1. If I filter the stretch 88-100 for residues that are out of contact with any helix residue (DSSP H, G or I) (no Cβ under 9 Å at 6 or more places or on another chain) and at pLDDT below 90, do I get at least one hit?
2. Which members of the stretch 80-102 meet the condition of being surrounded by 15 or more Cβ atoms within 10 Å (Cβ to Cβ), within 24 Å of ILE51 (Cβ to Cβ) and not hydroxyl-bearing (Ser, Thr, Tyr)?
3. Kindly list the number of the only condition in (1) in contact with a strand residue (DSSP E or B) (Cβ under 7 Å, 6 or more places away or on another chain); (2) open to solvent by 60 Å² or more (accessible area, probe 1.4 Å); (3) assigned to a strand (DSSP E or B) that fails for ASP36.
Amino acid sequence: MPQPTKLRATAPANPVRFNIELGQIEVGTDFSRMFDVRSGTLELWGGASAIWSHTSGSGFVSTVTPDYEGGRARVELGLDHAFSTNRRFSASTFYDGIGADGFESYGLSLGYEMSF
């Protein structure tokens, strides 16, 4: 009968120590408005939010994660147009980093769906 193999691991004499802290709080408001249009329905939506972020680390982590602590604002706007039960177009955009030095993020998304 084979005997079980025993594995043994030892910790290095000088263990690597690090810590990382991440935090984010976001408070905002959103809106949505539906419109009946000749070719279906149109929804206009958007929002604005205030964000506070904190990132810090020690040890090796502090060399790869920048320390950032501060507030910023984000806005977004989009629309969804349902032409019929099987066709839909959507578009949205956002900008993040209002009021923050050294931080900026933005994007645009377009979509078209057709079921058959």
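1. Taking the stretch 88-100 and keeping what is out of contact with any helix residue (DSSP H, G or I) (no Cβ under 9 Å at 6 or more places or on another chain), we get 88-100.
Keeping just the survivors that are at pLDDT below 90 gives 100.
Yes, the stretch 88-100 contains a residue that is out of contact with any helix residue (DSSP H, G or I) (no Cβ under 9 Å at 6 or more places or on another chain) and at pLDDT below 90.
2. Answer for the stretch 80-102, where residues must be surrounded by 15 or more Cβ atoms within 10 Å (Cβ to Cβ), within 24 Å of ILE51 (Cβ to Cβ) and not hydroxyl-bearing (Ser, Thr, Tyr): PHE94, ASP96, GLY97, ILE98, ALA100.
3. So ASP36 meets the others, but not (1).
The values are calculated or read from the model by the stated rules, or taken from the named source; none is laboratory data. Treat the numbers as computed from the prediction; the structure is a model and nothing was measured. Here the Cβ is made from the backbone with ideal geometry for all residues, glycine too, and neighbour counts use every protein chain on show. Surface areas here come from the heavy atoms of the whole protein model, side chains and all, with no ligands, DNA or RNA. Shrake-Rupley method; radii C 1.70, N 1.55, O 1.52, S 1.80 Å.
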